[in-house]
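In what follows, a single structure is set out as structure tokens and then discussed.
Here, each number is a calculation from the coordinates, and none is a lab measurement. Fair warning: this is a prediction, and the values are worked out from it, not measured in the lab. Heads up, the Cβs are rebuilt from the backbone with ideal geometry, glycines too, and the neighbour counts pull from every protein chain shown.
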Amino acid sequence: MYRQDTIVAISTPIGEGAIGIVRMSGEKSVEIGDKLIIFKRGGAIREMADYSMSYGQVIDPFDGQVVDEVVVSVMRAPRSYTREDVVEINCHGGIVALKRAMDLAVQLGARVAEPGEFTKRAFLNGRIDLSQAEAVIDVIRAKTEAQLRAAMQSLEGGLSSKIRNLRSQILEVYAHLEVAVDFSDEDAGALATQDLIQKLGECQKEAGKLLVDARRGKILKEGVKVGIVGRPNVGKSSLLNVLLGERRAIVTPIPGTTRDVIEETINIQGVPFRLQDTAGIRDTGHEVEKMGVELSLKTMEEADAVLYVVDGSEPLTKEDLEIGRKLGSKKALVVVNKIDLPVLAEPDQVRQVTGERKEIRISATKGWGLEDVERGLVELVFAGELCCLDEAIMVNARQKELLEKAQRAIVSGKEALEAGMSEEFAAADVRIAYEALGEILGEKSGEDLLDRIFSEFCLGK
Ligand SMILES: Nc1nc2c(ncn2[C@@H]2O[C@H](COP(=O)(O)OP(=O)(O)OP(=O)(O)O)[C@@H](O)[C@H]2O)c(=O)[nH]1
Ligand SMILES: [Mg+2]
């Protein structure tokens, strides 16, 4: 299936930049490069040492015109990104020169690469496994340092080696089960059922740990959704603005100012928190505001955590109490705002809405208590396990599904043994687990799956 033709792409973002890179990979990349480039000091790419650079010009071989002044590097198979011969042409970063250099390479026999095709070749040529290839996307898309760290761990094989480990434990159990099935009458050295149950228990724990790491990775990637809710005019938008450090949402003394959900992300200790300012919740006859309130309730429901804002400069109202009830068992901080004014909220009432929750007193306009809000959010969401975010790994939806499948199969195999069923049942389950983990690494992946995964990449990667 796999075509060994030579591919070419512009591997840097399209736009104006100091440099832009045209990258070629495949058997003919050196030959095509030599037809395209003339070095100032003579010589040719085929004479260049591996991983060296040379200064020259891209010349249109058909009309002799100078296209651009460039620096060329060469990385020969198998020591390259794709494990094929790779030639990179560093052009000036203008779109015309780059496009022309690429088009000429195509005229000389290269094919324009599909999105992700360079990385796909790295996978098909066995330099990286599928989960590492998928990590390339996460590295490129990382928005915070913590995300980058987690993605780099997967790229460097962190996820793969954990999966491989678990897989070899499972294989061992499988082998013993097979022996037990084939030689049920003799003692062929198979482990006792009790030992196998214990081993499967360990595998189950291991898979469980991976899923926890994966959940942390998901938090790093997608962020924690934090709904800012409360009745109108308590200072929700002011809180959003002051946490962001910019005037993002409109603030007025008129209750019912915010109508839509306004989302902005802030970073607290390397974790993205997606703050969602919402319309003040109250009964209203106004059609537009009503839609806003519905959105607020939905946001509150879907949030991972809630900042429940009340106005400390007034006694709490029925609406405040009602919202407190709506919160139910949601993770929430009670934020008592406007404490720069005389505090008129009854402590008893505040305690009533707070319950087990933590109360934080702030003034959004004066900027008081913001650190407490940030710290409170981290504690609320992670309850002391933030330290372990270092162990987060990036696991995408595909990988997570397979991990869960493996986990379920392990449990079912263990249960079959515990129930005293014949070993073949457990063996069948354990085999499913083994294969699911193999799929994470990209064993036996069909062409459709690969196409789907690599089409998510940017061009030239
Ligand atoms: N004194 C004082 N006033 C504040 C504070 N926070 C907000 N306000 C004022 O309260 C009013 C309402 O603020 P907003 O931030 O618009 O309130 P909101 O909760 O977003 O209101 P809606 O969008 O209508 O639901 C504005 O006049 C703010 O200036 C505070 O900490 N101290
Ligand atoms: Mg508002």
Problem set entry | Low-density loop cleavage sites - trypsin sites (Lys or Arg not before Pro) in region 63-107, where at most 12 other Cβ are within 10 Å (DSSP) | ARG79
Exercise. Listing ARG361, ARG231 from the residue with the fewest other Cβ atoms within 10 Å to the one with the most, what is the order?
Worked result: ARG361, ARG231
Seminar exercise, completed: So for R0 = 45 Å, FRET eff. of TYR55-ALA397 from the Cβ-Cβ r, to 0.05, ends up at 0.50
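For a quick check: sort MET291, MET24, MET300, MET394 by the number of other beta carbons within 10 angstrom, fewest at the front.
Ranked by crowding around the Cβ, least crowded first: MET291, MET300, MET24, MET394.
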Problem set entry | Nearby lysines by direct alpha-carbon distance to LYS162 (threshold 27 angstrom, same-chain neighbours under 8 apart not counted) | LYS120, LYS143, LYS199, LYS205, LYS209, LYS218, LYS221, LYS400, LYS405, LYS414, LYS444, LYS461
Problem set entry | Phi to ³J(HN,Hα) by Karplus 6.51 cos²θ - 1.76 cosθ + 1.60 over region 111-116, Hz, x for Gly, Pro | 10, 5, 5, 7, x, x
Problem set entry | Whether region 311-375 is rounded, prolate or oblate, judged on the alpha carbon gyration tensor where a/c under 1.5 counts as rounded | oblate
Seminar exercise, completed: Taking the alpha-carbon centre of each part, the distance from region 58-90 to region 130-144 in Å is 26 Å
Seminar exercise, completed: Exposure-ranked with fewest Cβ neighbours within 10 Å first, TYR308, TYR174 stand as TYR174, TYR308
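Decide, for region 223-388, between rounded, prolate and oblate: order the square roots of the alpha carbon gyration tensor eigenvalues as a ≥ b ≥ c, take rounded if a/c falls under 1.5, and otherwise choose prolate if a/b is larger than b/c, else oblate. Provide the component values of the computation, followed by the final result.
Values: a/c = 1.35, a/b = 1.19, b/c = 1.13.
Here region 223-388 falls in the rounded category.
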Problem set entry | Computed over the chain, Kirkwood Rh from alpha-carbon pairs, angstrom | 26.6 Å
Exercise. Which ³J(HN,Hα) values in Hz, rounded to whole numbers, follow from the phi angles of region 421-426 under the Karplus curve 6.51 cos²θ - 1.76 cosθ + 1.60, where θ = phi - 60° and Gly and Pro get x?
Worked result: 6, 4, 4, 4, 5, 4
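GLU418 to GLN65: extension gain in nm, 0.36 nm per residue of separation minus the Cα-Cα distance? Working shown, then result.
On the way: separation 353, 0.36 × 353 = 127.08 nm, distance 7.76 nm.
Gain in length upon complete extension: 119.3 nm.
Rounded, prolate or oblate: which one fits region 1-81, using the alpha carbon gyration tensor with axes a ≥ b ≥ c (rounded when a/c is under 1.5, else prolate when a/b beats b/c, else oblate)? Kindly include the intermediate steps, with their values, before the conclusion.
Values: a/c = 1.44, a/b = 1.20, b/c = 1.20.
Verdict is rounded for region 1-81.
Could you work out [θ]222 nm for the chain from helices alone, using -39500 (n - 2.57) per DSSP H run of at least four and dividing by all its residues? Round to the nearest 500 deg cm²/dmol.
On the way: 15 runs with 212 residues, N = 461.
So the calculated ellipticity at 222 nm is -15000 deg cm²/dmol.
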Problem set entry | Beta bridges by DSSP in region 223-388, antiparallel share as percent, to the nearest 5 | 30 percent
Problem set entry | Lys pairs under 15 Å by Cα in region 223-388, provided they are eight or more residues apart or on distinct chains | 12
